[in-house]
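Asks: If you scroll down you'll find the structure; I have some questions about it.
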Amino acid sequence: MKNSLARITVIISHLDLHSYPSLLAREVQSIVPSFSDVADVRVMDLPFRDSLAYAKEAERSGEVEIFVCAGATGAFLQKNLATPVVLMKSTGNDLMLAMYEAINHSTKIAVLSYQKTNVELAHTGDLWKVAFKSYQYSTLDQVKEQVSNLRTSGCEVVIGSSMVTEVATAAGLIGVLLLSARSIRLAIDEALLLIRSQRAESSRRRHINAILRHLTDGVVALDATGKIQAANEVFAGFFNASASDIIDRHFNDVAPELDIHQYLKSSPIGGFLVTVKQRTLLVNAYPLSDETENDGTVIICQDTNAVQRADRRIRSGARGQDFRATHCLSEIAAAAKKTQYLVKLAAVYARTDSTILLQGESGTGKELFAQGIHNDSARAHGPFVAVNCAALPETLLESELFGYEDGAFSGSRRGGKPGLFELAHTGTIFLDEIGDMPLPLQTRLLRVLQEREVMRLGGTHTTLVDVRVIAATHQNLIKQISNGTFRRDLFYRLNVLQLTLPPLTERLEDLPHLCHIIMEKIAKRLKLGDAPHQVIPTLLPHFFKYHWPGNVRELENILERAAIYFAHKDEPLFLQQESDIVNLIFGPSVTEIGEERPAEHLRSDPALRTVRESKQAVNICAGNFSAAAKLLGISRSTLYRRMKSNSTA
């Protein structure tokens, strides 16, 4: 393929060439075809004044990989181009051939060499029995001056480069080229070797850059002087630059905040923490060679936020998929104004990182709110770890919360175990039934809340944890503080933000929507289809009259019982009980449990409770008395009478 050929340009420059191509150009062109299978060789005959401009344009366009030149032109381009320039150099064999040609013209011969005298000239003169004069030059002006002097002294033949022969010919002397086809071929071979080396180095750099590009850490490689040889965009981004812009710049100019000499003197385990542009970096430096001689340095910079995210992923991998919040605030049935207010307040709390205390009777949905707050917060992608403080004995709860080291106690797991606070890192820990936590553990919990660090059982060092704490209880914590069973200082640590969830009897407006949500989940879990929803209108009037000692949890149980009975209503066993289906669903023990409930609203006047239920039904049905009466299972006139008696009371 054409693109795989080496791209070589041979530049031959002249002061004043009257006919093209030049002698040297003809010589080069005769050799080019032999390289056609490996190289695309261009031969450019140019005035000297145009050679640099042409070379720079070819370099800019990328059409050349290497230049080949002779004598002063090559030296001049080497100083002014980034692209390598290979010089066509004469050999002893070239001198012999040139001498042979020169003697055929005259014995008055001079040789002009660029910057140094040809050491083989004396031996060649002895061989031909001819006295040669040898001169050297560094600039074109010196060439002209030397040729003029040679003409004045009687010299008739001048041997030298293409430009030297041109000046000699212009002065009326005979010019003999001091470059053979063999030397030209050697120069092109050298150029090919250099291109192969460049391509190999370029390929290696591409591979390194590809690796660096996919690294999430900032990486930079320096040479022995501190100049940047390679860097990825992550590193450059730390200093508001691009990787291409910092290559070949000194490290201290790019990253003055990082003291490279400090890193090279000592590289402590764990590296250095350095603040760069309001970002904290963990910096480590490594020598490129194990030898004592400094061959360069590799510096790795990690954003501590990224380290924490990696730590979270590692912890997540250790805990699997167990610690997730599955509910959102939007799932909460909120037809009642009180519930709507609580959901909105919870959404506000979710936008903060403050500790929250949820209070309410058992079964009011405290964990549902806790999960919803977590999933609406910035920690939604982190773990949600729930622990029931009343479900475990003190010693087991301590090891579960704070973890333990290897050998901390008999029967402990080899290698130790992280506690739930560690597993909740960057997420939320939900401490349910916090009011039942033993006093000694309350002390340890208080320290975690204050210091945001935990020490495992049997450990000697602390681990920082970034957790949001949500606690919940059905207990009266103020009363417990008075009784000495709950720490006052812990209460104030927990009670930063507070939500008090109402019992179900205070949010009866939510019942219809709540029933449908729960029944949908039950039907899906038990694979009962949509049929169980049909039982809800039958049950709702009874639900409004019931006192719900077990709140939503009890509602879930009753609805599941109803769904199962309704799904089998055509079976003989249940046909016999059809007339008493409500008692069958509610169960015989409900009344007994309800009578034990010391709630104030159960001790109120039954007539007042009837009026309250009527008002709630009207609110639920948006003022539609017919629908409300149907919902309560009474006539519309009875409902009017109840509402009227309330207005006149």
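The values are calculated or read from the model by the stated rules, or taken from the named source; none is laboratory data. Since the model is a prediction, treat every value here as computed from it, not as a measurement. Please note: Cβ atoms are built from the backbone with ideal geometry, for glycine as well, and neighbour counts cover all protein chains shown.
Asks: Please go through segment 418-457 and give me each residue that is surrounded by 20 or more Cβ atoms within 10 Å (Cβ to Cβ) and of a type in the set (Lys, Arg), ordered by number.
Replies: Selection gives Arg456 alone.
Asks: I'd like to know if segment 497-518 contains one or more residues that are under 23 Å from Glu367 (Cβ atoms), free of Cβ contacts under 8 Å to residues at least 24 places away in the same chain, not assigned by TED's automatic domain parsing to the domain that holds Leu342 and not in a loop (DSSP other than H, G, I, E, B).
Replies: Within segment 497-518, one or more residues are under 23 Å from Glu367 (Cβ atoms), free of Cβ contacts under 8 Å to residues at least 24 places away in the same chain, not assigned by TED's automatic domain parsing to the domain that holds Leu342 and not in a loop (DSSP other than H, G, I, E, B).
Asks: Out of the residues in segment 207-226 that are assigned to a loop (DSSP other than H, G, I, E, B) and hydrophobic (A, V, I, L, M, F, W, C), state the one that is farthest from Asp259 (Cα to Cα).
Replies: Step one: list which residues in segment 207-226 are assigned to a loop (DSSP other than H, G, I, E, B), which gives 215-217, 223-226.
Going one step further and asking which of them are hydrophobic (A, V, I, L, M, F, W, C), we end up with 215, 224.
Working: Leu215: 23, Ala224: 15 Å.
Per the stated criteria, the residue is Leu215.
Asks: Show me the strands (runs of 3 or more DSSP E) found entirely inside segment 1-88 where at least 3 residues are modelled with pLDDT under 90 and under 17 Å from Leu194 (Cβ atoms). Give the steps one after another, and end with the answer.
Replies: On the way: elements: 6-14, 39-47, 66-70, 85-88.
Of the strands (runs of 3 or more DSSP E) lying wholly inside segment 1-88, none has at least 3 residues that are modelled with pLDDT under 90 and under 17 Å from Leu194 (Cβ atoms).
Asks: From the list Ile188, Ile174, exactly one residue is under 22 Å from Ala25 (Cβ atoms), in contact with a His (Cβ under 8 Å, 6 or more places away or on another chain), modelled with pLDDT of 90 or more and not basic (Lys, Arg). Which is it? Show your work before the answer.
Replies: Numbers: Ile188 fails: in contact with a His (Cβ under 8 Å, 6 or more places away or on another chain).
Exactly one residue qualifies, and that residue is Ile174.
Asks: Related question: Does segment 442-449 contain at least one residue that is free of Cβ contacts under 8 Å to residues at least 24 places away in the same chain and out of contact with any Asp or Glu (no Cβ under 6 Å at 6 or more places or on another chain)?
Replies: yes
Asks: Can you say whether Leu441 is modelled with pLDDT under 90 and hydrophobic (A, V, I, L, M, F, W, C), as far as the supplied structure shows? Please lay out each step first, then the result.
Replies: On the way: modelled with pLDDT under 90: yes; hydrophobic (A, V, I, L, M, F, W, C): yes.
Here the answer is yes, as Leu441 does meet what is asked.
Asks: Has segment 91-102 got at least one residue that is touching a helix residue (DSSP H, G or I) at 6+ places or on another chain (Cβ under 9 Å) and modelled with pLDDT of 90 or more?
Replies: Checking segment 91-102: not a single residue is touching a helix residue (DSSP H, G or I) at 6+ places or on another chain (Cβ under 9 Å) and modelled with pLDDT of 90 or more.
Asks: Output the residue which, of all residues in segment 95-116 that are small (Gly, Ala, Ser) and within 23 Å of Thr73 (Cα to Cα), is surrounded by the most Cβ atoms within 10 Å (Cβ to Cβ).
Replies: Only one residue tops the list, namely Ala110.
Asks: While we're here: When segment 456-479 is examined, which residues are found to be over 36 Å from the mean Cα position of the chain (by Cα) and under 24 Å from Leu368 (Cβ atoms)?
Replies: Thr473, His474, Gln475, Asn476, Leu477
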